[in-house]
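Step one of this worksheet: look at the structure below.
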Amino acid sequence: MYRALKPFAVGLLLIACPQMQAIKVEKLRLAGPYKTIVPLRTDTADVSGKAFNQDDLVMEQRFTWQAVKHGESTTDSIIPATGQDNVRLAGFQVENSGFAKVEVKVKGLRRFDVLIDGQKGDKRDLTPGRHDVVVKFLQKADETDTLSIELCSEQEKNLTINPEGKRLYTLEDYMHGVRAGRTSLSATGRLMKYSTTTTLKGGKTETTERILDLQTGNEYPCEGFRQWASQGDRFVRRRQAADESNIYEYVDPLNGKTELLCRDYTQSDGFFTEGEKRMIISKKTEGPKEDAKVFQVLEPDDRIPGWRDRQNVQILDTEEGVVKTITQGQHSVSATPTKDGRRLLLFIYESDITKRPFDFVTAVLLDTETMQADTLVNLDGFISNAEFTPDERGIVFSGSPEAFGGIGINDPTGKTPSMVQKELFLMELSNRQVTPLTRDFDPNIIDWHFSQADGNLYARCENRDRQDIFCLDMKKRQWKQLALSECFVSSFSLAKDKPLLSYTGQSDSNSDRIYTVDLKSGREKLIRDYNEERMGDIQLGRFEEWNFQSSRGDTIYGRYYLPPHFDASQHYPMLVYYYGGCSPVGRYLDSYYNFHGWAAMGYVVYVVQPSGATGFGQEFAARHVNAYGDYTADDIIEGTKKFCDAHPYVNRQKIGCLGASYGGFMTMYLQTKTDIFAAAMAHAGISNPASYWGFGYWGYSYNTIAAANSYPWNNPELYSGHAPLFNADKVHTPILFLHGASDTNVPINESIQMFNALKILGRDCAFVTVEGQNHHILEYERRIKWVHTFYAWFAKYLQDDPTWWNTLYPPKNIK
């Protein structure tokens, strides 16, 4: 079931010792001898009065694993004498696929220190990974030493001494290293701004932004970068003058020359229109203040910090140096300009919680010179963003299928569409006719931009479990997927005057890379590859797609991951994972829900994309609405059973499931429907849709998606009949509840009440809170322990080893 000991060392010996197995390390790397010197001493004692001792000085010398790595490999336990006192190093590596408590026992040496991963001490709790063990010892002149090293552990089945080849993937590999951020191309496409963030051990992060010359490979700084200039390869920089005014200036990275654009004394900030003649400013007005200790809540959203503030539109004329107020009022307004900034498409936001979807948009086309306003859309609650077409004769809106009176709906079953499944709509300004552009297009729109160079629209989309880029030919109205190397694109950029695209992406088994794509030829060019640095010495297990035909007759997609040293003749525990929110589980490498990392610990990992996920078409996404577990649970249960039927190496008695947010709800809900799982973990899960609806910051508004037009008073069956809390007596699976104590999305009471219920019922469960964290666990040290907590939970129930759990949370003798 687990990764067995491998005979990489010559003749590993298992020696009985109290409660542990002692593994004699037969093969070592021996480094040294390292000559010692006697320092020039100005005194006979240190500042504390302690007399200097040469042996102490020798043992205080510091060495790294690299010194041992380049040492001589030996199986001889005899350390030959040398002609003078010296220090030597003997080392080996141990790799553990699961948690292990180890003790290093050294015999035959007079004076020595044991260092495990550079830390002094002969006992250590090893989290999964490859570890360096070094014995630093003092050898006296003309004396021969005999060295014997044993590694003792109760988890010897998880250990490999002196592993060969690449190492296993671990949580640390996800937590540390370089990540690529967004890219941005200059107007000509010659220059590309890009960013990276490096996370160091201990949690410190370093972010850098640079400009890369795609022709020469030269790099330039970009301090104060605001945006690219609309012409050429200059960018606009903002810096603050001594009088605290903002200076905006052009910077040419190629020659370092600058040119003043404008000076602003109002300390405004925004983005410039084409030609940099105008800057569009979003001006915040703070709402009325209340007594912070006792105050009235006006609306449900009034609990959210900043809700009372309003945003209005201003324009800075860069030639006149005058800021003009464009909108005023009690409603927030955002603006999308035409190229020259004369016309603005204004979105005016209004709330009415007496009807779904509670928040509405009125779209107004405003001529800022005549101040003539023309209403294009009135109080549509289903549109979200917009952009002018390159010829400015039309506007493309994004929104859910119900936008514009539902003209984008394409679901013959008549279900209420999911508001998370986004569509595109084209409005011709000449006649206000609106045409759906994606009604027959299954991928879910994430973001999109027009290319000024070729006039086409490029959209990043959820395409099943991928995030791909598609091109819409605006003349033919045909969609075409770009052929890209990466299957999970996180961001992209278009050059204004050249058919060139840049993007950042990764795939199921590699980390971030940055590319450019010639939109005429389709030729892709790799610009930066951060995968080799992060993953070059790591061995990943096999990844495969696996889909099945559900009992309803449709295809349910999925994939699975196998341990790196997979043996089909063995039986493995399995973890099952599924979506939270509504987005499918993406085909990416980097995540704290790390599928390759779980596989490295000896699990088969099955990722299923059940009903309700976006990116599979409108009807599939609509199964999330007014369901609260229906369809979705059926797919997970059926998929898990069919996967086991098709893969006999899965131990059916050792299957766990886990999810977060809506996935946490699904974890609880599944245990009320099936007994196929041996353990479960729910992070920030919903146990009672009614209390989540009323208590979470966005609970009532999220339910305009998940429970459209259904409320606790008109559909109690949905809210209570589907609530895990109201079905707690049906749960017999051990469940771990994890929750950020400051969660404003899914409040912690959702875990508390389900934990209380199961405790009253005498069921096996555990509850761990993470103080100071919200819906996502972001703080470095707390994230590590949070992840280790559910690793330990599954090790306890799926690998029959409670050691890790009892180490993190020692049993308490409290009654």
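Just a few scattered comments:
- In a DSSP loop and with at most 14 other Cβ atoms within 10 Å, the trypsin sites (Lys or Arg not before Pro) in the stretch 548-619 are Arg552.
- Here the chain was treated as a single set of alpha-carbon atoms; its pair distances binned every 10 Å from 0 give 2, 11, 18, 21, 19, 14, 9, 5, 1, 0 percent.
- Dimensions in Å of the stretch 553-593 - Rg and Dmax from alpha carbons: 13.4, 37
- Taken along the Cα-to-beta-carbon direction at a fixed 7 Å, the label points for Thr207 and Gln372 span 4.4 nm.
- Residue-averaged [θ]222 nm for the chain, counting only DSSP H segments that reach four residues, each worth -39500 (n - 2.57): -3500 deg cm²/dmol
- Dimensionless Rg/Rh of the stretch 592-691 - Kirkwood Rh, Rg from C-alpha atoms: 0.97
- Subtracting the Cα-Cα distance of Asp125 and Thr44 from 0.36 nm times their residue separation leaves 25.1 nm of extension gain.
- Evaluating kT/(6 pi eta Rh) at 10 °C and 1.306 mPa s, with the Kirkwood radius of the stretch 77-152 over Cα pairs in the Stokes-Einstein relation, gives 121 µm² s⁻¹.
- Over the stretch 308-466, the pair-distance histogram of Cα-Cα distances with 5 Å bins from zero comes to 2, 8, 16, 20, 19, 16, 11, 5, 3, 1, 0, 0 percent, rounded to whole numbers.
- Label point distance in nm, Leu761-Gln231, each placed 7 Å from Cα along Cα→Cβ: 7.1
- Carbon/sulfur fraction of accessible area - the chain, other protein chains in place, 1.4 Å, %: 48
- Too-long pairs where the Cα-Cα distance tops 19 Å, listed order kept, from Lys277/Lys496; Lys35/Lys123; Lys35/Lys140: Lys35/Lys123
- If the chain linking Leu379 and Glu392 were pulled fully straight, counting 0.36 nm for each residue of separation and taking away their Cα-Cα distance, it would gain 2.4 nm.
- Lys289-Lys520 FRET efficiency (beta carbon distance; Förster radius 56 Å; 0.05 resolution): 0.50
- Each residue, Glu223 and Ser720, gets one label point 7 Å from its Cα in the Cβ direction; the gap between the two is 6.5 nm.
- Over 15 Å [Cα-Cα, the stretch 311-370], rounded percent: 55
- Spherically averaged projected area of the stretch 491-609 from its Cα convex hull (nm²): 10.7
- As a calculated quantity, the FRET efficiency between Asn806 and Asp675 at R0 = 30 Å, using C-beta atoms, amounts to about 0.70.
- Summary value for the chain: 8 percent relative contact order, contacts being C-alpha pairs under 8 angstrom separated by 6+ residues.
- Its Cα gyration tensor gives the stretch 566-625 an equivalent ellipsoid. The semi-axes, each the square root of 5 times an eigenvalue, are 28, 13, 8 Å from largest down.
- Hydrodynamic radius of the stretch 126-258 per Kirkwood, over alpha carbon pairs, in Å: 20.3
- Extension gain, His732 back to Gln296 (0.36 nm per residue minus Cα-Cα distance, nm): 152.6 nm
The values are calculated or read from the model by the stated rules, or taken from the named source; none is laboratory data. Quick caveat, the model's predicted, so the values are computed rather than measured. With ideal geometry, Cβ positions are generated from the backbone for all residues, glycine too; neighbour counts draw on all protein chains shown. When the accessible area is computed, the model is the full protein with side chains, heavy atoms only, and any ligands, DNA or RNA have been set aside. Shrake-Rupley method; radii C 1.70, N 1.55, O 1.52, S 1.80 Å.
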